[in-house]
Structure formats: structure tokens, C-alpha cells
Amino acid sequence: METFFTKDKNFYKVFFRLMLVVALQNLVAYSVNMLDNMMLGSYNQNALSGAATVNQIFFVVNQLAIAIGNALIVMSSQYWGKKDTYAIRKLTGIVLTFSLLAAMIILAVCSAFPEQLLGLFTTSPDIIMEGQIYLKILKWTFVLFLISNFLISMLRSVETVQISFIVSVISLIVNGGINYTLIFGHFGFPEMGIKGAAIGTLTARSLEFLIVLFYVAKIDKKVRVFDGGLLRGTFTAENRKLCRDFIKVSTPVILSGLVWAISIPMQTAILGHLSSDAIAANSVATTFFQYLKVIVVAIASASSVVIGKSIGRGDRNEVKAVGRTLSVIDISIGIILAIVLLMLRKPLLSMYNLTEEATILADHLMIVMSVVMVGMSYQMPVSVGVIQGGGDTKFQMYMNLISTWGIVMPLSFLTAFVWKLPVEWVVVAVQSDQLFKCVPVFLRFRSYKWIRKLT
């Protein structure tokens, strides 16, 4: 008998455990970037700007890594529902090949055209010089990050998440410690500035990679990646079919992620052309918003795992019930997060030394962000976690393409530079997709056409 909500108690246990651990991991990872910015900001403005410019490149690499990981989760979680770990091992080998190929291309481009890449984001020779010092070391972390991230995604697809949190905490401590030592030259070490920050990040990423690799090779008992089937029989008919299936699933996911990732620096540039008070207010409001957003991202990730597992088990009615349960949980958490942001905005703003106009503007923007939070908390987990996680990977790609480049970018440009509307309305335009995407997401979800068996 079909019920509106799932009655599977194990679902609630698994979902909330996954969500909590992934949220904590994302929070720690976000804090690593904040720590870098704070330390370099107190050292030298050009160093901070140089690192921020390179981080625009890393942002695209990060989105590529997330997209590859999400595609792996979509397929592996369904195999996990069937308890077919041999197929997960073979799929992991295929994704390893894809990740290494992507990493080599990125490494080659960063090595051959560093000045041209950085010139896309700034024209300042001093910032480009600092950025080149940073990129020369940081480019090696892109390879390590791509491999570590997809291995963590593989583990997440079989409900193993604690290791990712542990790795993030260790990374925060190591990166922070080395940054403090090498940027400023403490404890008898030379003062290295931005180069010290790059060494700290490289060391932390190397340690992350080694810990994840050791866990996968020696501790994990679910998949046992190195027990056979990882790279064995790469050119067999069965593996070629798996490879074709992965390309079919991953291509829309990767394109969707990159379409969105490329738009973010452009939206930042639009807001960056407003007044100094507007830039400061938006920076403060966005910081608090991003901290709460990690919970929404965690919900989407956890949803993808549990929905894929349900589809792998083969009970369509249960998949529908799980999807409905997740959508109600999403909107409920979104309302709670919006209330938290509204209630804490005054105390949080009191921590900053802003001009009176910037403070008022930041207060208005946080009210706008509270409304945006509700929409985002529904549409992102349902579109990425449920619909994409359920096997319908093209819907998210088409929706991002149309909403980002057909609506949001033109509307943001018009409000800022043509109509010259108040800053609040420019931010509404930039964030508008988080609200209007709720309609197509709801309609697609209620059609249940997203339930697709990929295994």
C-alpha cells in the first residue's frame, strides 16, 4: 500500500546522519577558505587579491570535481541498493580514468598559460604576479583534489561519510598551522607570504589524499576497491557498457555544474561595479548566507544517496514516498534556516564596523536572503538530490542553462546598469532563480518521470 511519507525508519536514520556529517564537512571546508582569506588579508592586500584570483580558477575545478562526484553517486547509490559492490569497483576505476584525464588537462593549461588565465580576472600586474606565485604551487593540488573528491563521493554513495569530516578537520588544522608559520615567518621559519599559503594548501591536500587513499585501501569493508575489478578488464564489453552509461549520466551533470560555475564570477563582477557600501554590505550578507547554505548542499547530497539506494532496491512506490518525504523535509528546514537568518541578522551585523548606509543595506540584503533561503532549500535538494539523484540528469542541465543564461544574467545586467535600480533589487535579480526554479522543479517532481533505473 502506497503512503504519502515513507514509513522506513532506517531511511530517517541514514538521511539525517548523512546530512549532518556532510554539513559539518562542508562547514569546515568553507572555514578553510575563510582562514586563508583572513591570514592573507592581514598580511598584504595584493597577496589576498592574487589568491582570490587563483581561487576563481579553483572554483571551476571544484565544481567539476563535485559534478564528477555527483554523477558517480547517482549510479553507485543504485548499485548499492542492489548490494552490487563489484559494479561499484569497476565504476570507480572508470571514474578514476576520467578524473586523471581531466586533472592532466587542467594541469597542462595552468602550466602553459598562467598569466593569460589570471588576466581573465584582473588587469593589475602586481596581482597577476602574486597570483602566478600562488598558482605555480596550487595547480598540483587540483590533481589531488579531483581524485580525493571522487573517492569520497564513492564512499558517500555507500553511506560512509565520517572519513570526509575527519579529513576536512585535519586539513583545517594543518593548513591553518602552516599558513600561520610560513606566511608571517613564525617559529624561526622564513616569511614567505603568498607562497607560504600555497605550501600550506598543497600540504593539506596531499595529506587529505593520503588519508582517503589509505582508508579506501585498508579500512573500507563495503566496497573493497582494490580487491579486484578496479582497473581489471578495462576493455571488456561489460566495462565498455558501464563507461558509456557513465558518460551518458555524467555529461549533463558536468555541463550543468560548469554552466552554473562560470556564471558566478560574472554575477560577482556585476555586484562589484556597484558602490563601495553595496559591495561591503553584499559581502557581509553573503558570508552568513553561505554558512547556512552548507546545510542545503548537505541535504541535496544526502538525498541523492538515499533516493538512488531506493531506486536500486526496485520498489517504485517506496521511491515516490521517499521523494515526497524529502521534499517536505527540504521546505521545513528552509523555513527554519530563514527564521534563523532573520533573527540573527542584527547581532551578526553588530560585529562589523560598517558605515551607517552599509549597515542598513546589509540588513535589507539579509532579509532578501532569508526569502531566497526558503526557495533554495526546496529547489536545490529536490532538483539535484531527488530528480538528478533519481537518474534524470538532463532536467537540471536544461533548467540551469535556461534560468542562468536566459533569465538571471540578462535580468541582473539590466537592473544594475540599464534600469539602475536600488542594490536590493539587483541582489533580488541575481538570486531570483532560487525562487522561480521552484515551479518547474515541483512540476517535474510530481510527474515522477525522473525515476530511472540506471543499473
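Across region 447-454, a minimum of one residue is classified as open to solvent by 60 Å² or more (accessible area, probe 1.4 Å), modelled with pLDDT under 90 and under 26 Å from T251 (Cβ atoms). The selection criterion, being among the β-branched types (V, I, T) and in contact with a Gly (Cβ under 7 Å, 6 or more places away or on another chain), does not hold for V60. The criterion of being at pLDDT 85 or above and open to solvent by less than 60 Å² (accessible area, probe 1.4 Å) holds for L182. In the condition set (1) within 30 Å of V74 (Cα to Cα); (2) open to solvent by less than 40 Å² (accessible area, probe 1.4 Å); (3) part of a helix (DSSP H, G or I), G391 is compliant with all but (3). Look at region 81-94: where a residue is touching a residue at least 40 places away in the same chain (Cβ under 8 Å) and a partner is open to solvent by 50 Å² or more (accessible area, probe 1.4 Å) and in a helix (DSSP H, G or I), sitting 6+ places away or on another chain with Cβ atoms under 6 Å, you get G81/R313. Among all positions in region 120-129, there is at least one residue which is surrounded by 20 or more Cβ atoms within 10 Å (Cβ to Cβ), among the aliphatic types (A, V, I, L, M) and over 21 Å from the mean Cα position of the chain (by Cα). One residue alone among V430, V382, V368, V408 is part of a helix (DSSP H, G or I) and over 23 Å from A67 (Cα atoms), and that residue is V368. Picking from residues in region 154-167 that are assigned to a helix (DSSP H, G or I) and open to solvent by less than 10 Å² (accessible area, probe 1.4 Å), the one that is modelled with the lowest pLDDT is S164.
Screening K420 against (1) crowded, with 16+ Cβ neighbours inside 10 Å; (2) on the phi > 0 side of the Ramachandran plot; (3) of a type outside the set (D, E) leaves a single unmet condition, (1). R444 meets all of the listed conditions (1) in contact (Cβ under 8 Å) with a residue 24 or more places away in the chain; (2) closer than 21 Å to T286 by Cα; (3) open to solvent by 40 Å² or more (accessible area, probe 1.4 Å) but one, namely (2).
When we screen K248, K241, K309 for residues that are surrounded by 23 or more Cβ atoms within 10 Å (Cβ to Cβ), more than 17 Å from the chain's Cα centre (by Cα) and basic (K, R), the only hit is K309. As a summary of the residue check, I360 satisfies the conditions (1) among the aliphatic types (A, V, I, L, M); (2) touching a helix residue (DSSP H, G or I) at 6+ places or on another chain (Cβ under 6 Å); (3) within 24 Å of A278 (Cα to Cα); (4) modelled with pLDDT under 95 except for the one numbered (2). Close contacts from region 323-334, counting a first residue that is in a helix (DSSP H, G or I) and a second that is of a type in the set (V, I, T) and open to solvent by 20 Å² or more (accessible area, probe 1.4 Å), with Cβ to Cβ under 6 Å and a gap of 6+ residues or different chains, come to G334/V374.
Reported count of residues in region 1-49, each being at pLDDT 75 or above and of a type in the set (D, E), is 1. Would region 135-146 turn up any residue that is farther than 30 Å from A217 by Cα, open to solvent by less than 60 Å² (accessible area, probe 1.4 Å) and either of a type outside the set (S, T, N, Q) or touching a residue at least 40 places away in the same chain (Cβ under 8 Å) (or both)? Yes, there is a match, as at least one residue in region 135-146 is farther than 30 Å from A217 by Cα, open to solvent by less than 60 Å² (accessible area, probe 1.4 Å) and either of a type outside the set (S, T, N, Q) or touching a residue at least 40 places away in the same chain (Cβ under 8 Å) (or both).
Given the structure, is D220 within 30 Å of A300 (Cβ to Cβ), charged (D, E, K, R) and either open to solvent by 20 Å² or more (accessible area, probe 1.4 Å) or at pLDDT 85 or above (or both)?
Numbers: within 30 Å of A300 (Cβ to Cβ): yes; charged (D, E, K, R): yes; either open to solvent by 20 Å² or more (accessible area, probe 1.4 Å) or at pLDDT 85 or above (or both): yes.
So D220 passes the test.
Looking at this structure, is G406 open to solvent by less than 10 Å² (accessible area, probe 1.4 Å), under 29 Å from F445 (Cβ atoms) and not hydroxyl-bearing (S, T, Y)? Criteria not met by G406. Against the definition (aliphatic (A, V, I, L, M), under 20 Å from the mean Cα position of the chain (by Cα) and surrounded by fewer than 20 Cβ atoms within 10 Å (Cβ to Cβ)), how does L411 come out, yes or no? So L411 does not fit the description; no. Quick check on region 315-322. Is at least one of its residues basic (K, R), within 15 Å of the chain's Cα centre (by Cα), at pLDDT 85 or above and part of a helix (DSSP H, G or I)? No.
For every residue, the table says whether it meets (1) over 13 Å from V54 (Cα atoms); (2) of a type in the set (K, R).
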{"residue": "E115", "(1), (2)": "no, no"}
{"residue": "T122", "(1), (2)": "no, no"}
{"residue": "I128", "(1), (2)": "no, no"}
{"residue": "I137", "(1), (2)": "no, no"}
{"residue": "R156", "(1), (2)": "yes, yes"}
{"residue": "I163", "(1), (2)": "yes, no"}
{"residue": "I170", "(1), (2)": "yes, no"}
{"residue": "N175", "(1), (2)": "yes, no"}
{"residue": "H186", "(1), (2)": "yes, no"}
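Only one residue in L354, L344, L361, L348 is part of a loop (DSSP other than H, G, I, E, B), farther than 28 Å from V439 by Cα and hydrophobic (A, V, I, L, M, F, W, C). Which one?
Details: L344 fails: part of a loop (DSSP other than H, G, I, E, B); L361 fails: part of a loop (DSSP other than H, G, I, E, B); L348 fails: part of a loop (DSSP other than H, G, I, E, B).
Sole residue among the options that is part of a loop (DSSP other than H, G, I, E, B), farther than 28 Å from V439 by Cα and hydrophobic (A, V, I, L, M, F, W, C): L354.
Of all residues in region 373-428, those that are of a type in the set (S, T, N, Q) and free of Cβ contacts under 8 Å to residues at least 40 places away in the same chain total 2.
The values are calculated or read from the model by the stated rules, or taken from the named source; none is laboratory data. Only a predicted model underlies this, so the values are computations on that prediction, with no experimental measurement involved. Reconstructed Cβ throughout: ideal geometry from the backbone, glycine too, with neighbour counts over all protein chains shown. Calculation scope for accessible area: heavy atoms of the full protein, side chains included, ligands and nucleic acids excluded. Shrake-Rupley method; radii C 1.70, N 1.55, O 1.52, S 1.80 Å.
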